[in-house]
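Report on the following structure.
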Amino acid sequence: MGDGTGGTVSLHDHIGGPAVIGKLVDAFYDQMDSLPEARDLRAIHAPDLTEVRRVLTLYLIQWMGGPADYSAERGHPRLRARHLGFQIGEAERDAWLLCMKRALDETVPDAATRHAVLQALAPLADWMRNKPG
Ligand code: HEM
């Protein structure tokens, strides 16, 4: 993403840094907690989402080009391997992306930024699939 001076602005800076990413993750798990379409997705998560809220925030900060605190704490992301213990098909992927879309609508005012984030997350979510259908 250009900043008009020939440099590039990371998605992390563009979206508004850790404060906005934290709000996005909170809104994401609030959606997962309440959306009927996400009931099965919610069910494969731990009853208490406190820790995963914290960890996904660290992950997304790093993934968007901010500080690499996620890897400092947890090592290489190996994100697909970390998800192999959960059965993820198209339905789970779609529910995950629906929660993220709703969360972006709530927390990121700029439509182009919302679009950029969702476009970048969609292939990642698809890559997480590990069962047919
Ligand atoms: C596509 C459907 C997905 C499903 C069904 C899914 C499901 C899960 C589940 C069940 C957990 C464990 C949470 C817990 O301990 O309660 C988890 C952890 C996690 N997920 Fe996902 N996930 C999906 C996609 C993604 C995507 C696209 C990302 C990244 C943008 C992501 C990032 C993470 C991270 C960072 C963790 C914590 C990993 C760690 O312990 O270091 N997930 N996910």
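The values are calculated or read from the model by the stated rules, or taken from the named source; none is laboratory data. Here the structure is a predicted model, which means the values were calculated and not measured. Don't worry about glycine lacking a Cβ; one is built from the backbone with ideal geometry, like all the others, and counts go over all protein chains shown. Quick note on the areas: whole protein, heavy atoms, side chains included, nothing else; ligands and nucleic acids left out. Shrake-Rupley method; radii C 1.70, N 1.55, O 1.52, S 1.80 Å.
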Of the residues in the range 42-54 that are surrounded by 15 or more Cβ atoms within 10 Å (Cβ to Cβ) and either β-branched (Val, Ile, Thr) or farther than 19 Å from ALA91 by Cα (or both), the one that is farthest from the ligand (Cβ to nearest atom) is ARG53
Scan the range 60-91 for residues that are surrounded by 15 or more Cβ atoms within 10 Å (Cβ to Cβ) and outside any helix (DSSP H, G or I) and report the count. 5
Inside the range 92-109, the number of residues satisfying the requirement of being open to solvent by 40 Å² or more (accessible area, probe 1.4 Å) and closer than 13 Å to ILE15 by Cβ is 1
Here the residues within the range 23-41 that are in a helix (DSSP H, G or I), within 14 Å of the ligand (Cβ to nearest atom) and open to solvent by less than 40 Å² (accessible area, probe 1.4 Å) are LEU24, VAL25, PHE28, TYR29, GLN31, MET32, ALA38, LEU41
Those residues of the range 79-99 which are of a type in the set (Asp, Glu) and near the ligand (Cβ under 7 Å from one of its atoms), in sequence order: GLU92
